[in-house]
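To start, the structure itself, in structure tokens.
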Amino acid sequence: MSDLVNRGANAFAEGEYLQAASAFQKLESIYSQEPEWKSNRLGAKIAPFAGYAALKAALFDQAITSLQRFINEETSDYSQDLFVKYTVALALKNKGDFSEALDAFARIREATLSVSQQSIAWIHEADIHAKQNAFDNACSILVRITESPSTSIRVRTHARIRLLQTQLDQKEYQQASQTLLSRPWESDTMPEMALLAFLSTEAGDLFLSNELVEEAREAYRLTPSKSA
């Protein structure tokens, strides 16, 4: 047992998620009926790592099964419980089970008082709506987040970038220019600013090709120079 625990933990720490998920799954399949497993609540301790490793390894069904078992058990660790529910929601989204994923993210919003955590769940819901071609719903959610003073600057910036990308993809160039240029960008953290630099150039090219010359000029000004 200890060998599998160490193998899984080391692989997880090194970012070798497929190996970690395999070790954790083997650990559970062999030892989950042992008295020590239940008395020490090893399943509850290992499940968050096993589920996240499976998610990162794109083993979505394995992630959901492992984490759902954790959710069904009693736990007093609120932050761990929220992390597990968030990982399940991501697995459902990445698997393409959009209806269940929307429900899962909604439950996360209901379970936390943090506006930023709620907004992160909303961003994922907006992404699901966009994947389902419900672009008006997606943009409405993202606009609401970008205008929320209670949400952290970084989350607002991420939502604004997602909104800009959606508008550019849908060729809504007037709306995109408003999103990009109507007010200053508050964040100076990566990777948000790297994405903004890329999108500013893309937006500038698209604005210029659609005769939005002044908007294109302003968009290009947001792109850092090579010497910056």
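The table for this structure:
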item: Qualifying position, being part of a helix (DSSP H, G or I) and modelled with pLDDT under 95, among LEU164, LEU180, LEU196; result: LEU196
item: Count of residues meeting criterion [outside any helix (DSSP H, G or I) and either open to solvent by less than 40 Å² (accessible area, probe 1.4 Å) or at pLDDT below 95 (or both)] in region 93-122; result: 4
item: Unique match (being open to solvent by less than 20 Å² (accessible area, probe 1.4 Å) and under 18 Å from LEU212 (Cβ atoms)) among LEU142, LEU181, LEU168; result: LEU168
item: The lone exception for ASP77 - which of (1) at pLDDT below 90; (2) surrounded by 14 or more Cβ atoms within 10 Å (Cβ to Cβ) it fails; result: (2)
item: First in region 4-32 and at pLDDT 90 or above, second anywhere and open to solvent by less than 70 Å² (accessible area, probe 1.4 Å) and not in a helix (DSSP H, G or I), Cβ under 6 Å, 6 or more apart; result: TYR17/ALA57; LEU18/ALA57; ALA21/ALA57; ALA21/LEU59
item: Matching helices (runs of 4 or more DSSP H) fully within region 1-81 where at least 3 residues are on the phi < 0 side of the Ramachandran plot and among the polar types (S, T, N, Q); result: 2-13, 17-31, 60-72
item: Sole residue being of a type outside the set (Asp, Glu) and farther than 26 Å from ALA13 by Cα, chosen from LYS131, LYS93, LYS56, LYS45; result: LYS131
item: Subset of region 133-157 (residues that are more than 12 Å from TRP122 (Cα to Cα) and not hydroxyl-bearing (Ser, Thr, Tyr)); result: ASN133, ALA134, PHE135, ASP136, GLU147, PRO149, ILE153, ARG154
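The values are calculated or read from the model by the stated rules, or taken from the named source; none is laboratory data. All values derive from a computational prediction rather than experimental measurement. Please note: Cβ atoms are built from the backbone with ideal geometry, for glycine as well, and neighbour counts cover all protein chains shown. Quick note on the areas: whole protein, heavy atoms, side chains included, nothing else; ligands and nucleic acids left out. Shrake-Rupley method; radii C 1.70, N 1.55, O 1.52, S 1.80 Å.
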